[in-house]
Amino acid sequence: MANTQSMCTSFLGELMTGTHNFGTAPIRAVTTADTFKAALYLASATINAATTAYSATGEVSGAGYTAGGITVTNATPPTATNSSATAGVGYWTPSASLVYTTVTLTTAFDTVLIYNSTQSDKAVSVHTFSSQTITAGTLTLTMPSNTTTTALLRLATT
Amino acid sequence: MIVTTTKGDMDDSLLEHRAGTIDNENELTTWTEYWLNGELVHRSAHVILKQMPSFAGGETATF
């Protein structure tokens with residue numbers, strides 16, 4: 001047997017469930033999953049890695065769309081999978097498509113922000129796509145497969 | 001087929017139909033439009049996300 005220096009893959013998955021706390025963090029009143037939401041942003045907005053929380057600035061507006069966006073379906077908890085003695089991936093994907101039904105969004109938009117509405121609307125991830133408008137129609141954002149290489153969110157060691 | 005439009009629900013036989021696809025490394029998007037007398041009265045889009053943001057690989061310190 002031999003030992004191998006590595007970051008534990010279980011830790012990657014546990015980061016996604018708030019199991020570890022190296023600093024200060026909000027006091028959790030419950031042990032259930034937080035509520036995550038998905039807000040759409042105009043192509044003219046500035047939403048990127050520096051975004052720390054949801055903001056209505058630059059968000060789309062129009063008939064059928066509620067500021068703050070829609071709730072993300074989260075039926076599948078994060079998973080952690082080892083790929084070797086030194087590497088692994090913690091990953092998570094919403095368990096259903098994001099569907100904005102019967103909306104009219106006439107100003108071009110190209111971004112969806114996933115954020116944690118339970119934890120002060122703190123930002124999670126930004127996903128861009130080709131610029132779109134919707135007229136009395138439906139926008140469907142279909143998620144990638146929830147695997148180690150394609151999941152929406154992946155924390156990996158190599 | 002009945003289509004929701006800015007003029008209310010309409011039969012698609014009364015409308016001009018346009019559709020398109022965007023397929024690149026980031027997404028596969030299909031969009032559908034219905035036009036009435038030169039006016040856009042319905043547009044829907046279906047975006048299938050392919051490529052997610054990359055996260056830097058984590059590693060432990062070497063002693």
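Taken together, the values in this text are just the output of simple stated rules run on the coordinates, not laboratory data. Predicted model, so just to flag it, every value in this text is computed and none were measured. Reconstructed Cβ throughout: ideal geometry from the backbone, glycine too, with neighbour counts over all protein chains shown.
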Problem - Cross-link reach list, lysines versus B:Lys50, counting only Cα pairs under 23 Å and skipping chain neighbours closer than eight places - result: A:Lys37
Problem - Nearby aspartates and glutamates by direct alpha-carbon distance to A:Lys122 (threshold 13 angstrom, same-chain neighbours under 8 apart not counted) - result: A:Asp34
Completion exercise
Per principal axis, largest first, the Cα atoms of the range B:2-49 extend in Å by 36, 16, 15
Fill in the blank from the handout: Note, B:Leu49: beta-carbon cut-off 15 Å, +1 each Lys/Arg, -1 each Asp/Glu, net -2
Handout entry: Extension gain from A:Thr46 to A:Thr150, taking 0.36 nm per residue of separation minus the Cα-Cα distance
Key = 34.9 nm
Exercise for the section: Given the options A:Ser130, A:Ser97, A:Ser117, state which has the largest fluctuation in a GNM of chain A using a 10 Å cut-off (strictly under) for Cα springs. Expected result: A:Ser130
